[in-house]
Amino acid sequence: MKHLDGNVLAGPAADLFAFEATTALGRCGACGDVAALAQARVYGPPMGYVARCRSCDGVLLVIVEHEGRATLTMRGLRWVRVDA
Ligand SMILES: [Zn+2]
């Protein structure tokens, strides 16, 4: 199967990353709980933000802000669902 380069993701990715984060649904990778990200337990700043699962306290996502840049990891989320 012929592949495309990553530039083809510009449109869909722009739509996806422009979502309202607090209303997006996420599934915890540890326990499977599905909830709006607004229901997560969040710790921080000043070092950044750590969002933990409301059910099992597993880490859902981490945002680190440093020197004018932000790094996002979402390793603890199995998926995120946003309204199209
Ligand atoms: Zn969980």
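Worth a mention:
- Matching residues in the stretch 28-76 - criterion: being over 18 Å from Phe17 (Cβ atoms), in contact (Cβ under 8 Å) with a residue 24 or more places away in the chain and among the aliphatic types (A, V, I, L, M): Ala30
Every residue, every condition in (1) over 30 Å from Glu67 (Cα atoms); (2) surrounded by fewer than 10 Cβ atoms within 10 Å (Cβ to Cβ); (3) within 16 Å of the ligand (Cβ to nearest atom), yes or no:
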site	(1), (2), (3)
Asn7	no, yes, no
Phe17	no, no, no
Gly32	yes, no, yes
Ala40	no, no, yes
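- Any chance Arg27 is within 16 Å of the ligand (Cβ to nearest atom) and touching a helix residue (DSSP H, G or I) at 6+ places or on another chain (Cβ under 6 Å): no
- Qualifying residue in the stretch 71-78 (condition: surrounded by 12 or more Cβ atoms within 10 Å (Cβ to Cβ), modelled with pLDDT of 95 or more and in a strand (DSSP E or B)): yes
The values are calculated or read from the model by the stated rules, or taken from the named source; none is laboratory data. Because the structure is a prediction, the values reported are computed rather than measured. Positions of Cβ are generated from backbone atoms using ideal geometry, with glycine treated the same way; all protein chains shown enter the neighbour counts.
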